[in-house]
Amino acid sequence: MKKITGPALMVGVLLLAACGSDEPEAVDGVDDTTEAVEETVAETAPADTSIDETGNSVAESTAGAVEETAVDEGTAETTADETSDSAPADASEEAADLGAGSALSEADQQGAAGEGMIVVNQVAPVGEEQIAEIQQPGPDGPIYMVNLLEFKEFAEYEDGRETDLTGREAYALYAEGQRDVLPLFGAEVVFEGDVSFLAIGEVEELWDEVAIVRYPSRATLLEMSASPEFMAVSVHRTAGLAGQLNIETVEP
């Protein structure tokens, strides 16, 4: 029997395991197969190359191919990673730009439709900026203060007194008292009337009354607001007024 080395030995072992028999015919079959494998290897290998060297060459070639494949796969993975890192970022930035454009467009649409407007009625100036501004000298000449008034359903006095007055009725007492106070400071009511209809625009809830008062100056308005005469009648104002907008206007 020939000495089996290299790939022939491996093939023989595999065949023997597959046969799983101790019969002489099985052993002879293995020998015949081994001789055939050795002859095939000898025919394909160079004359001065042994079976062991051929087997090593095959193994080295296989390892080289595997390594080259691994390098190619690694390059592909790196390229894929780079593409994955860059593409989503660009896509995200583009989406963000589109989102910002959409939000801006929606805001423009809301502004055009009159939506999103903030209207807060107050009884007195609030916020440091607003209080500081009203204390400034203001424009030269007279001012016309436009009062958009919203009344409480029922009057509520700060001193807790009981009353069956509505908010409008309590404010009417204030307006009546102001007719005596305003002339003391050179001021006068130039218009007052109930709100009946919103002809243009949109607001969640209309005001109840509009009054326009002319003052010689902004300083005069502040002076009147701090006077004892005004303080005496203003209790009806706070009792009946839910809130208002005061808009200062001047003659063109």
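Observations, loosely collected:
- Each Lys or Arg adds one and each Asp or Glu subtracts one; over the other residues with Cβ under 9 Å from the Cβ of residue 139, this totals -1.
- Share of carbon and sulfur in the accessible heavy-atom surface of the stretch 192-252 [1.4 Å probe, %]: 56 percent
- For the stretch 132-173, the per residue solvent-accessible surface stands at 65 Å², with DNA, RNA and ligands left out and a 1.4 Å probe.
- Cα centroids of the stretch 172-206 and the stretch 131-170: 10 Å apart.
- Placing 191, 230 in order of accessible area, with the largest value first and a 1.4 Å probe, yields 191, 230.
- Quarter the surface of the alpha carbon convex hull of the stretch 175-252 and you get the mean projected area, 6.3 square nanometres.
- Gain on full stretching of the segment that runs from residue 206 to residue 191 - 0.36 nm per residue minus C-alpha separation: 3.6 nm
- Take each peptide in 123-131, 152-160, count the other Cβ atoms within 10 Å of every residue, and average; sorted highest first, the result is 152-160, 123-131.
The values are calculated or read from the model by the stated rules, or taken from the named source; none is laboratory data. Just so it is clear, the structure is predicted and the values come from calculations on it, not from any experiment. With ideal geometry, Cβ positions are generated from the backbone for all residues, glycine too; neighbour counts draw on all protein chains shown. Side chains included, ligands, DNA and RNA excluded: accessible areas come from the protein's heavy atoms. Shrake-Rupley method; radii C 1.70, N 1.55, O 1.52, S 1.80 Å.
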